[in-house]
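Here the structure is laid out as structure tokens; the discussion comes afterwards.
The values are calculated or read from the model by the stated rules, or taken from the named source; none is laboratory data. Fair warning: this is a prediction, and the values are worked out from it, not measured in the lab. Quick reminder, even Gly has a Cβ in these numbers, built from the backbone with ideal geometry, and neighbours come from all protein chains shown. Note: areas computed on protein heavy atoms with side chains; ligands, DNA, RNA excluded. Shrake-Rupley method; radii C 1.70, N 1.55, O 1.52, S 1.80 Å.
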Amino acid sequence: MSRPSTVSAPAVTPLDPDAAISIRGLVKSYGDRNAVDGVDLDIRRGEIFALLGPNGAGKTTTVEVLEGYRRRDGGDVQVLGVDPATGGRRWKADIGIVLQSGAGDSQLTCLELLRAQASYYADPRDPAEVLELVGLTEKAGARGRSLSGGQRRRLDVALGIVGRPRLLFLDEPTTGFDPEARRQFWSLIRSLRDLGTTMLLTTHYLDEAEELADRVGVIARGRLVEVAVPAELGGRGSAPAVVTWTEHGVRRTAETATPTGFVGELATRFPGEVPDLAVARPTLEDVYLRMIGEDLS
Ligand code: ATP
């Protein structure tokens with residue numbers, strides 16, 4: 001068989017016109033350092049996608065390029081079919097942004113803030129309905145600065161969605177929330193998904209990514225290490241289970257690919273319950289920390 005006379009360049013998959021977000025070879029540098037170093041990614045319409053990564057990995061830089069706030073140095077990007085570097089008013093109206101620090105310090109009441117924000121859009125949501133959606137109806141007449149931290153974040157989300165965005169960016173949305181507020185917030189995000197909103201979320205909370213995200217992407221040193229559904233990340237779906245129990249007063253541990261059979265056999269050694277029995281698979285945090293550790297080592 002004859003060999004080709006020229007070596008062809010690696011095939012570059014074209015941008016996906018059906019995706020909410022399509023990225024090919026994204027590069028953004030500060031000085032001589034690439035903060036984002038060749039990221040390829042497609043985010044489907046209607047999906048919740050979580051971008052995970054350690055501090056300084058390049059998450060915010062990537063998201064800011066997608067929002068049209070930062071110019072890229074290389075690569076192709078389309079957000080809702082438009083290059084964010086040239087996105088005009090109509091494109092911006094389709095995008096909602098919930099930043100890390102919001103507008104909670106305002107002198108205006110929650111309802112006034114939402115009405116003011118809604119006035120920028122051609123087809124906004126009803127501000128009172130939005131307050132209800134985020135659970136702030138009782139705070140309609142309260143000034144932003146009188147709200148608790150969790151209530152402010154809800155107000156931030158309300159401001160991000162009042163324009164009826166098709167795509168919502170959420171940057172670490174539940175930082176500082178108590179556990180109950182976080183769960184309420186998650187159900188808000190799910191109801192937005194039910195309304196058809198695509199969401200790109202950055203978070204340092206792995207349980208949040210597991211709860212909310214259809215898929216997660218891990219970014220480290222500006223490169224996308226893996227994209228997967230949370231249950232499959234880092235080979236998690238096929239990882240052995242760890243069975244632990246107590247026998248003769250000693251804590252025992254075994255790794256097994258067939259935990260059901262293992263536990264069945266174990267049960268025959270005890271007259272009743274197997275003491276302190278637990279079966280665990282690697283958590284999202286376990287595989288994430290391993291991936292990040294491997295990348296940094
Ligand atoms: P975190 O989880 O801490 O928010 P991140 O993943 O969002 O981190 P980025 O904010 O995107 O990370 O930063 C990526 C890299 O780019 C970091 O090394 C950061 O120091 C650098 N960087 C970000 N913004 C600038 C800037 N305006 N000028 C110079 N360097 C920057």
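Annotations
- Within a Gaussian network of the chain (alpha carbon springs, distance under 10 Å), most fluctuating of P179, P127, P271: P271
- Here r is the Cβ-Cβ distance between A257 and E232 and R0 is 22 Å; the resulting FRET efficiency, rounded to 0.05, is 0.85.
- Relative contact order %, segment 132-192, counting alpha carbon pairs below 8 Å whose residues are six or more apart: 39
- Given their separation in residues at 0.36 nm each and the Cα-Cα distance between them, T137 and H248 gain 34.2 nm when the chain is fully extended.
- For the pair segment 175-250 and segment 107-147, the centres of their Cα atoms are 30 angstrom apart.
- Carbon + sulfur, % of accessible area of segment 238-296 - ligands and nucleic acids excluded, 1.4 Å: 56
- The amide H of R44, built 1.01 Å from its N in the peptide plane, has A20 as neighbours under 5 Å, considering only residues 5 or more places off or on other chains.
- Using only side-chain charges placed at the Cβ, +1 for Lys and Arg and -1 for Asp and Glu, the dipole size of segment 96-224 relative to its Cα centre rounds to 300 debye.
- Contact order normalised by residue count of segment 238-296, Cα under 8 Å, 6+ apart, percent: 38
- Of G68, L15, F169, farthest towards positive along the dipole that unit charges on Lys, Arg, Asp, Glu beta carbons give the chain: G68
- Check: the chain dipole with +1 on Lys, Arg Cβ and -1 on Asp, Glu Cβ, in debye: 720
- Integer Hz, Karplus 6.51/-1.76/1.60 couplings in order for segment 13-27, x for Gly and Pro: 5, x, 4, 8, x, 8, 6, 5, 10, 10, 10, 10, x, 5, 10
- Rounded to the nearest 10 square angstrom, T246 shows an accessible area of 30 square angstrom against a 1.4 Å probe.
- Rounded to the nearest 10 Å², the accessible area of K28 at probe 1.4 Å: 30
- Residue-by-residue Karplus 3J(HN,Hα) for segment 199-216, coefficients 6.51, -1.76, 1.60, Hz, glycine and proline x: 10, 10, 10, 10, 7, 9, 9, 5, 5, 5, 4, 5, 5, 9, 7, 6, 9, 10
- Surface share of carbon and sulfur [accessible, 1.4 angstrom probe, percent] for segment 45-173: 44
- For the chain, accessible area per residue (1.4 Å probe, heavy atoms of protein chains only), Å²: 53
- The trypsin sites (Lys or Arg not before Pro) of segment 32-73 that DSSP puts in a loop, and whose beta carbon has at most 12 other beta carbons within 10 Å, are R71.
- Taking the Cα centre of segment 238-296 as reference, the dipole from Cβ charges on Lys and Arg (+1) and Asp and Glu (-1) amounts to some 180 debye.
- Size descriptor, Kirkwood hydrodynamic radius, that averages inverse alpha-carbon separations across the chain, Å: 21.7
- Vicinal HN-Hα couplings computed from phi for segment 107-118 (Karplus, 6.51 cos²θ - 1.76 cosθ + 1.60; Hz; Gly/Pro x): 7, 6, 6, 4, 5, 4, 4, 5, 5, 5, 5, 4
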